[in-house]
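Please treat every number below as a calculation from the coordinates, not as lab data. This one's a predicted model, so the numbers in the text were calculated from it and none came from an experiment. Please note: Cβ atoms are built from the backbone with ideal geometry, for glycine as well, and neighbour counts cover all protein chains shown.
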Amino acid sequence: MDQRKTTLKVASLFLSALAFLPASMAQAQPKDDAGKVIQSGRASWYGPGFHGRRTASGETFNTNELTAAHRTLPFGTKVRVVNKKTGKSVVVRINDRGPYAHGRVIDLSRASAQAIGITGVGSVTVAEL
C-alpha cells in the first residue's frame, strides 16, 4: 500500500509539473496561436560556405541571422519552426530557396538551428505566421 501511495504521489507531481511547461514543450507542436502548420519533416542548417554570398532573394546571406531557405514560400514570409525533439521554437524569415537535399522541408541559418537545438538534421514542424 505504501508503494502505491508513493507511485501515485510521483505521478501527481509529474502531471503537475507538465502544467507549467509551454504547450510546445509538452506536445512538441506549435500552439494554436503560433500560426497555421504547413509542413512537418526534416530540417538542416547551412552557412559555412554561403556566408556573405547572395541569396535567391538578392540579399547577402548572414549565417548569424534568423533566416531560412524554403522551396516555395514567398521571400519575407515569417514561419515558426519547432524542433519536435526539444520542443524549442524559433521564428525565421524566408530569404532563400532550398533545401536541395532530398527529404528536407527547410534549411535554417546556423543561428536559427542553434536556437532550437539542431546541430545536423532534425525533425521539425513549420507553421506560417
Legend entry - ³J(HN,Hα), Karplus 6.51/-1.76/1.60, whole Hz, each residue of segment 109-117, x for Gly, Pro: 5, 4, 4, 5, 5, 4, 4, 10, x
Legend entry - Amide H contacts under 5 Å for Ile106, placed H, 5+ residues apart: Ser44
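Fewest first, what order do Thr72, Thr77 take by the number of other Cβ atoms within 10 Å? Kindly include the intermediate steps, with their values, before the conclusion.
Working: Thr72 9, Thr77 16.
So the ranking, lowest neighbour count to highest, is Thr72, Thr77.
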Inset, instruction - For segment 89-96, just list the computed ³J(HN,Hα) in residue order, Karplus coefficients 6.51, -1.76 and 1.60, θ = phi - 60°, integers in Hz, with x standing in for Gly and Pro. - result: 10, 8, 9, 10, 10, 6, 9, 8
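When only DSSP loop residues count, what chymotrypsin sites (Phe, Trp or Tyr not before Pro) in segment 33-129 have their Cβ near at most 15 other Cβ atoms within 10 Å? Present the calculation step by step, with values, prior to reporting the outcome.
On the way: sites: Trp45, Tyr46, Phe50, Phe61, Phe75, Tyr100; in loops: Phe50, Phe61, Phe75, Tyr100.
The qualifying sites are Phe75, Tyr100.
What is the sum of charges around Glu59, taking Lys and Arg as +1, Asp and Glu as -1, for the other residues whose C-beta is under 12 Å from the C-beta of Glu59?
Working: positive: Arg53, Arg54, Arg93; negative: Glu65, Asp96.
In short, +1.
Going by how many other Cβ atoms sit within 10 Å of their own, how do Leu66, Leu108 line up, fewest first?
Leu66, Leu108
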